[in-house]
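Structure record follows, encoded as structure tokens.
Every number here is computed from the coordinates shown, using simple stated rules; none is lab data. This structure is a prediction, so every number in the text was calculated from the model and none was measured. All Cβ positions, even for glycine, are placed from backbone atoms using ideal geometry, and neighbour counts span all protein chains on display.
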Amino acid sequence: MEAGFAEVTAYALLLIDAIALCAIVYGTIEAFIATIRALLMPSSREPGRGIWLRYARWLVAGLTFQLAADIIETMVRPGWDDIGRLAAIAVIRTFLSYFLDRDISEAREETMAREMKS
């Protein structure tokens with residue numbers, strides 16, 4: 001029974017890590033393409049801040065999946081290295097989420113202020 005649980009956990013970790021990787025890679029490619037497009041077409045409707053806010057969302061999504069995988073891994077074999085990695089990812093994700101939320105709020109307020117002036 002324990003061997004079966006370990007095998008299912010290993011597959012779950014692999015799947016969750018793959019999802020995290022896909023989110024980060026997709027977000028990176030999307031941000032790269034949007035940045036190139038904005039540089040080549042200055043009249044583009046996509047402001048630089050919007051590009052980076054969307055990219056930060058993808059990074060937060062990827063880090064959230066990595067955090068989930070690390071939580072599962074720490075439950076299965078709680079070593080100090082695993083706990084340290086879990087803590088580091090949790091701290092990075094928390095700071096990234098905080099600053100992303102702040103930037104989104106600022107961008108929303110700027111948009112509302114512009115709309116009220118129009």
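Which residue, 106, 73, 30, has the most motion in a Gaussian network model of the chain that connects Cα atoms within less than 10 Å? Checking each option, the largest mean-square fluctuation is seen for 106.
What is the distance in Å between the Cα centres of the stretch 1-44 and the stretch 68-118? Going from one Cα centre to the other spans 16 Å. Ranking 87, 9, 104 by how far each Cα lies toward the positive end of the dipole of the stretch 2-117 (charges on Cβ) leaves 104 at the top.
Between the helical axis of 2-40 and the dominant principal axis of the chain, each derived from Cα atoms, what acute angle in degrees is found, rounded to the nearest 10? Tilt of helix 2-40: around 20 degrees.
A straight chain from residue 91 to residue 33 at 0.36 nm per residue would run longer than the Cα-Cα distance by 18.0 nm.
Just checking the listed ones, 86, 14, 100: in the Gaussian network model of the chain with Cα springs under 10 Å, the one fluctuating most is 14.
One decimal place: the segment residue 2-residue 115 gains 34.7 nm when fully extended, by the rule 0.36 nm per residue minus the C-alpha distance.
Taking Cα centre as origin and charging only the Cβ of basic (Lys, Arg, +1) and acidic (Asp, Glu, -1) residues, the dipole magnitude of the stretch 35-84 rounds to 500 debye.
To the nearest 20 debye, what charge dipole does the chain have about its Cα centre, counting +1 at the Cβ of each Lys and Arg and -1 at the Cβ of each Asp and Glu?
That gives a dipole near 620 debye.
Counting only the Cα atoms, the stretch 2-117 fills a convex hull of 102 Å³ per residue.
For residue 72 and residue 98, a Förster radius of 25 Å and the Cβ-Cβ distance give a FRET efficiency of 0.55, rounded to the nearest 0.05.
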